[in-house]
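Okay, so here's the structure we're looking at.
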Amino acid sequence: MELLAPAGNVEKLKFVLQYGADAAYMGFSSFSLRSQAGGMEELDPGELKKILGPKKLYAALNSYFLPDDLKRLDDELPKLQDYPISAFILSDMGLLPLLKKHFPHTERHLSTQANCLNQGSARVYGDLGFSRIILGREVPLDQIRIIRDAVPDLELEVFVHGAMCWAYSGRCYLSRGMAGAGRSGNTGDCTQSCRWDYKLYLEEAQRPGEFYEVDEEDGHTSLLSSRDLKMIDHLRDLQDAGVDSVKIEGRQKSAYYGSLVTRAYRAALDELDGKVYPWTEEHKMALEEAPHRDFSSGFFFDKEMMETPNEKDLHLSHAFLGYIGDYAGEGEWELMVRGPFRAGQTLEILSPDGPTKQDTTWVIRERTLGIQTEVNPGAVRRTYTIKSAQPLSKGMILRTLKAGSI
Ligand code: SF4
């Protein structure tokens, strides 16, 4: 099975490829469903090809288009001709004629936003020229087998990890209602309002203005927040059901999150192919360390699990500090800082193919300011180098333990 990872921008793309993805999906800044997430226009097509090598890149065009948007797309698509796009992901059938006109030989994948849940729809989309169906998250595993048997010539892709919508595969106005026009989940700007920390109050009709607060566990009230999806222990079931590609959600999440989750699923898929490494179990278990809400297996087995809301706030055991760039000479490596740190913290060093290492003797230096004992979030984009007792190499990820975690 193909391992397909999210790439919200070029930095994230490099990481998920290095940490084991076979393919990545990415948007264009102007037409992505996740329009806040950046796009492939950050680089020219040649540079993007070098980063990809033999791996595949799928272009997400799965927003909903108004007549003016369609005209803009018709103007913009020819500018993208040289980009290394293996397939377009779309949910709006109005785009088909434009893609056939400008990219007649590029494959088309039906987005999960189109809510394809059965073999009848899959066949219709296949007849329209789609080579792959990204099934709606609502399809149970035993029903995937039925679809597989009915459309043997179509590829099937499913989400296996990450946030789940409380609404029906993203068709939701909650974010627009809570955060205002322009922040709608249907047009790519969801603020994930279903996961905000709500307070629930009772107001008795005869006592207006007197509110009685209703707390759930630990003061956290989550009425709308779905559990996260996690299918790492069921990949063989998906393979047996005829799934061709397993997809990780999270284009808006950090490069750290994307790398950790991609690495875990790489280890699990390799294990399925009989390749077991000394660090396989550790990499799979590291899913517990990536920021997440309570896990579930979504709609694959038992819908009841899906209907039980997430009970705790985000599980957050580590903080992303940054990643290693090029060798800077004299034992030091470039460090791209993405989070705050202070002297005395234990660094954890993660790599795509090895166990996690720890270091307490690290020295971080800023090019003009010298040795740094503390960096605040506002200054994280400066140029830093690091010296460590542990061997370092380009692309390694550094993190620290969050206070109170073990
Ligand atoms: S607010 Fe929640 S349920 Fe609605 S689209 Fe966003 S993530 Fe999905």
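The values are calculated or read from the model by the stated rules, or taken from the named source; none is laboratory data. Treat the numbers as computed from the prediction; the structure is a model and nothing was measured. In this analysis, Cβ positions are derived from the backbone assuming ideal geometry, glycine residues included, and neighbour counts consider all displayed protein chains. Please note that ligands, DNA and RNA were not included when accessible areas were found on the heavy atoms of the full protein model with its side chains. Shrake-Rupley method; radii C 1.70, N 1.55, O 1.52, S 1.80 Å.
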### Query
In region 1-19, which residue that is assigned to a loop (DSSP other than H, G, I, E, B) and open to solvent by less than 10 Å² (accessible area, probe 1.4 Å) is modelled with the lowest pLDDT?
Gly8
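In region 373-392, is there at least one residue being touching a residue at least 60 places away in the same chain (Cβ under 8 Å) and touching a helix residue (DSSP H, G or I) at 6+ places or on another chain (Cβ under 7 Å)?
No: region 373-392 contains no residue that is touching a residue at least 60 places away in the same chain (Cβ under 8 Å) and touching a helix residue (DSSP H, G or I) at 6+ places or on another chain (Cβ under 7 Å).
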### Query
In region 56-71, which residues are open to solvent by 70 Å² or more (accessible area, probe 1.4 Å) and either in contact (Cβ under 8 Å) with a residue 60 or more places away in the chain or within 17 Å of Lys247 (Cβ to Cβ) (or both)?
Lys56
### Candidates Gly242, Gly250, Gly258 - the one that is buried (at least 22 other Cβ atoms within 10 Å of the Cβ) and either at positive phi or not assigned by TED's automatic domain parsing to the domain that holds Ile144 (or both)
Gly250
### Summary
Within region 322-339, residues crowded, with 20+ Cβ neighbours inside 10 Å and at pLDDT below 90 come out as Val337, Arg338
### Task
Please go through region 143-167 and pick out each residue that is within 16 Å of the ligand (Cβ to nearest atom) and free of Cβ contacts under 8 Å to residues at least 40 places away in the same chain.
Ala167
### Query
In region 129-142, is there at least one residue being within 11 Å of the ligand (Cβ to nearest atom) and closer than 30 Å to Asp294 by Cβ?
yes
### Query
Taking the condition more than 26 Å from Trp196 (Cα to Cα), open to solvent by 50 Å² or more (accessible area, probe 1.4 Å) and at pLDDT 95 or above, does Asp270 pass?
no
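Looking only at region 340-358, which residues are touching a residue at least 60 places away in the same chain (Cβ under 8 Å) and either surrounded by 13 or more Cβ atoms within 10 Å (Cβ to Cβ) or in a strand (DSSP E or B) (or both)?
If the condition is that a residue be touching a residue at least 60 places away in the same chain (Cβ under 8 Å) and either surrounded by 13 or more Cβ atoms within 10 Å (Cβ to Cβ) or in a strand (DSSP E or B) (or both), then Leu350, Pro352, Asp353, Gly354, Thr356 are the ones that fit.
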### Query
Any residue in region 193-201 that is more than 18 Å from the chain's Cα centre (by Cα), outside any loop (DSSP other than H, G, I, E, B) and either more than 8 Å from the ligand (Cβ to nearest atom) or modelled with pLDDT of 80 or more (or both)?
yes
